[in-house]
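Input: a single structure, listed below in structure tokens.
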């Protein structure tokens with residue numbers, strides 16, 4: 001069973017982190033996305049620990065109550081700070097000069113792509129759930145058919161000042177229904193809401209969108225080994241964006257389409273995700 005620890009990386013930055021597995025084992029950093037929390041990795045943490053890895057899943061900036069800068073200052077939630085948080089947490093666990101495995105979903109995947117772009121020598125492998133390489137995503141967003149833009153309507157909606165209040169209205173009805181439609185178990189939804197189901201946490205989570213804006217910054221071609229998992233029922237990422245990612249990976253690349261799986265694959269199809277993730281890590285040891 002994963003332990004909850006608190007890691008202080010600087011003044012006003014005390015992160016809640018779920019940790020499982022042997023202390024000196026190869027580290028696997030798992031970065032959650034929106035609108036979930038670090039609890040999304042509940043099936044992956046024990047599977048990784050049993051396989052002999054040190055699994056580390058932080059509750060990221062704004063999600064952790066102890067690492068929640070003032071949301072009025074969006075610069076505190078800029079992409080560079082989110083990337084730095086991840087790397088600092090890795091260092092806090094004793095892996096500052098060691099390679100590690102990286103796993104990301106949704107926003108956590110965006111950060112993971114950024115880390116792979118900036119620190120390729122630090123990564124043994126990258127596993128991405130749902131989110132395409134930013135270049136493929138931006139290209140799909142700008143296509144004339146508007147298909148990806150329609151899927152990504154929330155990126156602009158979350159920039160509105162009243163977005164947090166709307167997401168949490170009526171006991172977070174929109175969020176509950178969105179997660180339930182995507183196959184997230186009711187018990188898991190309650191866990192996520194225990195983290196983000198309050199005004200301060202929701203405003204901090206939405207500050208990520210507001211600090212970045214609607215378009216992701218372009219990255220270079222990724223050279224580390226990549227496993228990209230995309231569900232063909234993902235309502236936020238279309239096929240063109242997903243398939244286009246292959247053009248922006250130069251290292252070993254495996255693209256797996258999960259049939260009848262939506263945006264939240266780690267929770268909807270945990271056994272399949274674990275199988276693919278463990279095989280990828282074994283193929284590319286740290």
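The values are calculated or read from the model by the stated rules, or taken from the named source; none is laboratory data. Just so we're clear, the structure is a prediction, and the values are computed from it rather than from any experiment. FYI the Cβ positions are ideal-geometry reconstructions off the backbone, even for glycines, and counts take in every protein chain you see.
Overview of values
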quantity: Which listed residue, of 47, 25, is in contact with a strand residue (DSSP E or B) (Cβ under 9 Å, 6 or more places away or on another chain) and in a helix (DSSP H, G or I); calculated: 47
quantity: Members of segment 202-242 found to be assigned to a helix (DSSP H, G or I), over 29 Å from residue 70 (Cβ atoms) and touching a residue at least 24 places away in the same chain (Cβ under 8 Å), listed by number; calculated: 240, 241, 242
quantity: Residue 281 vs. criteria touching a strand residue (DSSP E or B) at 6+ places or on another chain (Cβ under 6 Å), closer than 23 Å to residue 150 by Cα and not in a loop (DSSP other than H, G, I, E, B); calculated: no
quantity: Matching option when the condition is surrounded by fewer than 22 Cβ atoms within 10 Å (Cβ to Cβ), more than 30 Å from residue 23 (Cβ to Cβ), more than 16 Å from the chain's Cα centre (by Cα) and modelled with pLDDT of 95 or more, among 157, 163, 92, 169; calculated: 169
quantity: Scan of segment 20-54 for residues that are surrounded by fewer than 19 Cβ atoms within 10 Å (Cβ to Cβ), farther than 18 Å from residue 276 by Cβ and touching a helix residue (DSSP H, G or I) at 6+ places or on another chain (Cβ under 9 Å), ordered by number; calculated: 22, 25
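Residues are listed down the side, and each one gets a yes or a no for (1) under 26 Å from residue 118 (Cβ atoms); (2) surrounded by 15 or more Cβ atoms within 10 Å (Cβ to Cβ); (3) in contact with a helix residue (DSSP H, G or I) (Cβ under 8 Å, 6 or more places away or on another chain):
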| site | (1), (2), (3) |
| --- | --- |
| 188 | no, yes, yes |
| 254 | yes, yes, yes |
| 269 | no, yes, no |
| 285 | yes, no, no |
